[in-house]
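Note sheet for the following structure.
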Amino acid sequence: MRGALVLFVLMAGQAAGQMEREMLAAHNAVRARVGVPRLVWSGELARYAREWAERLVVRREFGHRPDTPLGENLFSITGDVSSARKVVGVWAAEAKGYNHRANRCRGVCGHYTQIVWRETERVGCGVARGGGREVWVCNYDPPGNWDGRRPY
């Protein structure tokens, strides 16, 4: 039994490491398109994000963490599973509504602009699953999306 537990822990650790690499690569691919510096992964931010994702799943809620000093993107899916690439792709697709020249958004653009916010240096993300639902949370430091400022 103990061997099975160790194997499970190792597999979970490998899956988490793969998610981290994929999430960071997906973020940096979007950032590269607009010429902003690469992000680095933060285990501290990832733990913070995972805790919030777990709380949202357990409480069957969906919303931003109140009073956080960090930037935050959220994604939820029910009855299916997603991947880091797909989650970041959904957020990045908001670029079509963002007019950089005018610094205006048509529709929803905040997830995209947080990803490409020039001053942001670190990202950490977590995912929680339960009750047929999956919640993804990414936290960003320093945060972005300051009114009147351009993301890049």
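Numbers for the structure displayed
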{"quantity": "Residues being part of a loop (DSSP other than H, G, I, E, B) and among the hydroxyl-bearing types (Ser, Thr, Tyr) - total across segment 99-152", "calculated": "2"}
{"quantity": "Answer residue from segment 66-93, given it is in contact (Cβ under 8 Å) with a residue 24 or more places away in the chain and among the charged types (D, E, K, R) and is most open to solvent (accessible area, probe 1.4 Å) among those", "calculated": "Arg85"}
{"quantity": "Qualifying residue in segment 42-61 (condition: among the aromatic types (Phe, Trp, Tyr) and farther than 21 Å from Met19 by Cα)", "calculated": "no"}
{"quantity": "Count - residues of segment 72-116 that are out of contact with any Cys (no Cβ under 8 Å at 6 or more places or on another chain) and more than 22 Å from Arg50 (Cα to Cα)", "calculated": "12"}
{"quantity": "Qualifying residue in segment 68-79 (condition: closer than 26 Å to Val34 by Cβ, assigned to a helix (DSSP H, G or I) and not acidic (Asp, Glu))", "calculated": "no"}
{"quantity": "Pick from segment 56-65, criterion touching a residue at least 24 places away in the same chain (Cβ under 8 Å) and surrounded by fewer than 16 Cβ atoms within 10 Å (Cβ to Cβ), ranking: nearest to Pro142 (Cα to Cα)", "calculated": "Phe62"}
{"quantity": "Failed item in (1) in contact with a Lys or Arg (Cβ under 7 Å, 6 or more places away or on another chain); (2) within 16 Å of Met23 (Cβ to Cβ), with Glu134 passing the rest", "calculated": "(1)"}
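The values are calculated or read from the model by the stated rules, or taken from the named source; none is laboratory data. As the structure is a prediction and not an experimental result, all values here were calculated from the model. Every residue, glycine as well, gets a Cβ built from its backbone with ideal geometry; the counts of neighbours run over all protein chains shown. All accessible areas refer to the heavy atoms of the entire protein, side chains included, with ligands and DNA or RNA removed. Shrake-Rupley method; radii C 1.70, N 1.55, O 1.52, S 1.80 Å.
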